[in-house]
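Novice: Before we start, here is the structure in question, set down as structure tokens.
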Amino acid sequence: MSPRKVDGVYGRAIAILDLLVMRWPESVGVREVSVAVELPRTTVNRILMGLADVSACRVVANGRYRLGYRIMLAAWVASRQNRWFAAVRGQMTALAAATGETALLALLDERGYARLVDVAESAKPLRYRVDPGTPVPITKGALGRAMVGAMTDTQFDMISKTGRFDGGDAVVRRRRAEARKSLSDNGFLVSIGERIPEALGVSAPIVVDDRVLGSLAITIPRARESDIDFSALGAATSATARQLSRVNFRDDPGGADAVESPFCEAPRSIVARLVATFDRVALRGQLAISELESIANCTPPTAHRLVEETVSNGLFTSDGKRLVAGPTSLAWTRALADLNPLQIQSGVLAALAARFNETVALGLLDATDRSLRISQTHASTQPIHYSLTRGDRLPLHAGAAGKVVLANLPAHTWPREPKPLTGATITDFAALAADLTEIRQAGVAVSFGEQISDAVGVASPVFDGFRVVGSITVSTPQYRFDKQALPALTTAVREAAAVVTLVRTADDRPEVASEQQNPVGRLV
């Protein structure tokens, strides 16, 4: 199968992001990316740097790059919010359980490129395994042949003009005719060893309004071929394909609750516009094209180009009025659906620490002794910096980290006689209450030497739903504090806290006692 042709400036960024998603959690070098996406190294380097600027990727050791928390966040939240995705996962899991074999779902984009967007593996020891996001050839194998066989002449001819079909015209049309006959006679088709010698597949197309959107297949090791009831497998596959056709991902993909992007800065580059648009589509499920100029901070011609190239490259699908997730976006969602949300949280803190090169900490409220327990830190690399250790406890009434949490607790819980920790600690209740009220309204706290002499802290609260659970703080020695940088610092801390709030609110797994007891459990 020939590599996917990259379409336009947005297409180049999509291709690089696609590689980062599919390679995650591994890192990649500029040369590897250049070879994989068939772009010059200078172009790849420029795009990677632009993606790093908006936290869509991050630089790791030796100049290599890894997927950034911003794409991880959007895809992971989409896996929990997108109604179509939830329906598909349920249908796929049920089909794999009923048949005892691996179920594969592929979607087709506007230019005839197909890829797996969901996989439900068999529980048997000997089973077929393939990763979501894997490209699917459309001229051979069960998935591809089901798509081609169900296409109308109009759709087939349109894709044929793009040069997507491998083999001569006569060969492709003969294969199409064979597939059409099988689908007409049986409602499904069978492919044995056609693409993978050791496997066979039973497939059926997903068709909406006479247009093929993709296909569904059950894939089985050929070692079990003699035991297969093809009629029963075909009936189950075609029935599920019909159900998936009725939950068309273009119709109503949005989440039950609207999720707004926590990122506030207006995009000012090609890659920033792409990432901002992906944020909105992934988090909301859809985006009205009329909103795009505002979301992407661009002119009408730029918005038109953004729509055209993201659709042609499979990131989105459009009905002319809105954008919804396309095969590439859905593949990213599936690939990142099972990641540990602590990895997103860690990425947020690491990015904040790297940007300002000061110590960053996440503190969580401990209601038992009304203190803030340090849960995670990223230390500054500067020789002189504040050091916080996991498990350290901070007071709520002094210092930015604790006060921004206290400000969001009921006023009757505020201490009437605050204890002095330094000469700068506020010990008068009326003055403290006024300060906490102002902090609550601002959504950020700034303190100067209140808990540790000569230290400056900037903090913003973290919530789980509407309940305050902690804060994110940047700490710096007062002699190094730059007042001119305070607006940028407060904006960045607010944004980081908003991201962690979104992760914690969307994380629907049961709570555990502590992150230390269960480091891969729910955020607590």
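Novice: How many residues does segment 294-321 hold that are crowded, with 21+ Cβ neighbours inside 10 Å, among the polar types (S, T, N, Q) and in contact with a strand residue (DSSP E or B) (Cβ under 8 Å, 6 or more places away or on another chain)?
Specialist: Of the residues in segment 294-321, 2 are crowded, with 21+ Cβ neighbours inside 10 Å, among the polar types (S, T, N, Q) and in contact with a strand residue (DSSP E or B) (Cβ under 8 Å, 6 or more places away or on another chain).
Novice: Hey, another quick one. Tell me the residue from Val21, Val28, Val44, Val77 that is buried (at least 18 other Cβ atoms within 10 Å of the Cβ) and at pLDDT below 95, please.
Specialist: The match here is Val77.
Novice: Let me ask something additional. Test Val259 against the stated conditions and say whether it is out of contact with any Phe, Trp or Tyr (no Cβ under 7 Å at 6 or more places or on another chain), among the aliphatic types (A, V, I, L, M) and at pLDDT below 90.
Specialist: Answer is yes for this residue.
Novice: Next question. For Gly63, state whether it is more than 15 Å from Ala272 (Cβ to Cβ), surrounded by fewer than 16 Cβ atoms within 10 Å (Cβ to Cβ) and outside the structural domain of Arg268 (by TED's automatic domain parsing).
Specialist: Taking the combined requirement at face value, the residue does not satisfy it.
Table: residues versus (1) in a helix (DSSP H, G or I); (2) modelled with pLDDT of 95 or more; (3) not β-branched (Val, Ile, Thr).
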{"site": "Ala331", "(1), (2), (3)": "yes, no, yes"}
{"site": "Gly347", "(1), (2), (3)": "yes, no, yes"}
{"site": "Ala350", "(1), (2), (3)": "yes, no, yes"}
{"site": "Leu362", "(1), (2), (3)": "no, yes, yes"}
{"site": "Gln376", "(1), (2), (3)": "no, no, yes"}
{"site": "Gln382", "(1), (2), (3)": "no, no, yes"}
{"site": "Val405", "(1), (2), (3)": "yes, yes, no"}
{"site": "His412", "(1), (2), (3)": "yes, no, yes"}
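Novice: Could you list all residues from segment 352-363 that are surrounded by fewer than 21 Cβ atoms within 10 Å (Cβ to Cβ) and out of contact with any His (no Cβ under 9 Å at 6 or more places or on another chain)?
Specialist: Selection gives Arg355, Phe356.
Novice: May I ask you to verify whether Val456 is assigned to a strand (DSSP E or B), in contact (Cβ under 8 Å) with a residue 12 or more places away in the chain and either surrounded by fewer than 21 Cβ atoms within 10 Å (Cβ to Cβ) or not assigned by TED's automatic domain parsing to the domain that holds Ser380 (or both)?
Specialist: no
Novice: Among the candidates Ile439, Ile472, which residue alone is in contact with a Leu (Cβ under 6 Å, 6 or more places away or on another chain) and modelled with pLDDT of 95 or more?
Specialist: From the options Ile439, Ile472, the qualifying one is Ile472.
Novice: Can Phe448 be described as surrounded by fewer than 18 Cβ atoms within 10 Å (Cβ to Cβ) and free of Cβ contacts under 8 Å to residues at least 24 places away in the same chain?
Specialist: Spelling it out, it is not the case that Phe448 is surrounded by fewer than 18 Cβ atoms within 10 Å (Cβ to Cβ) and free of Cβ contacts under 8 Å to residues at least 24 places away in the same chain.
Novice: Could you give me the residue pairs with C-beta distances under 8 Å whose first residue belongs to segment 33-48 and is in the same structural domain as Tyr65 (by TED's automatic domain parsing), whose second residue is of a type in the set (D, E, K, R) and assigned to a helix (DSSP H, G or I) wherever it lies, and which are 6+ apart or on separate chains?
Specialist: Close Cβ pairs (under 8 Å, with a partner that is of a type in the set (D, E, K, R) and assigned to a helix (DSSP H, G or I)) amount to Ser34/Arg41; Val37/Arg12; Leu39/Arg12; Arg41/Arg31; Thr43/Arg12; Ile47/Arg12.
Novice: Has segment 188-196 got any residue that is surrounded by fewer than 15 Cβ atoms within 10 Å (Cβ to Cβ), more than 29 Å from the chain's Cα centre (by Cα), more than 30 Å from Glu309 (Cβ to Cβ) and modelled with pLDDT under 90?
Specialist: There is at least one residue in segment 188-196 that is surrounded by fewer than 15 Cβ atoms within 10 Å (Cβ to Cβ), more than 29 Å from the chain's Cα centre (by Cα), more than 30 Å from Glu309 (Cβ to Cβ) and modelled with pLDDT under 90.
Novice: Could you go through segment 138-149 and let me know if any residue there is buried (at least 20 other Cβ atoms within 10 Å of the Cβ), modelled with pLDDT of 90 or more and assigned to a strand (DSSP E or B).
Specialist: There is no residue in segment 138-149 that is buried (at least 20 other Cβ atoms within 10 Å of the Cβ), modelled with pLDDT of 90 or more and assigned to a strand (DSSP E or B).
Novice: Let me ask you something else. Being in the same structural domain as Asp482 (by TED's automatic domain parsing), among the basic types (Lys, Arg) and touching a residue at least 24 places away in the same chain (Cβ under 8 Å) narrows it down to one of Arg370, Arg305, so name that one.
Specialist: Going through Arg370, Arg305 in turn, the sole match is Arg370.
Novice: If you don't mind, there's one more thing I want to ask. Filter the helices (runs of 4 or more DSSP H) completely within segment 28-116 down to those with at least 3 residues that are more than 17 Å from the chain's Cα centre (by Cα).
Specialist: 30-37, 41-53, 83-99
Novice: Which ones in segment 117-134 are under 24 Å from the mean Cα position of the chain (by Cα) and of a type in the set (D, E, K, R)?
Specialist: Asp118, Glu121, Arg129, Asp131
Novice: Taking the options Ala400, Ala442, name whichever one is among the hydrophobic types (A, V, I, L, M, F, W, C) and touching a residue at least 40 places away in the same chain (Cβ under 8 Å).
Specialist: Ala400
Novice: Within segment 341-356, how many residues are β-branched (Val, Ile, Thr) and over 20 Å from Thr381 (Cα atoms)?
Specialist: The qualifying residues number 1.
The values are calculated or read from the model by the stated rules, or taken from the named source; none is laboratory data. As the structure is a computational prediction, the values presented were derived from the model and not from experiment. Using ideal geometry, Cβ is built from the backbone for each residue, glycine included, and neighbour counts are taken over all protein chains shown.
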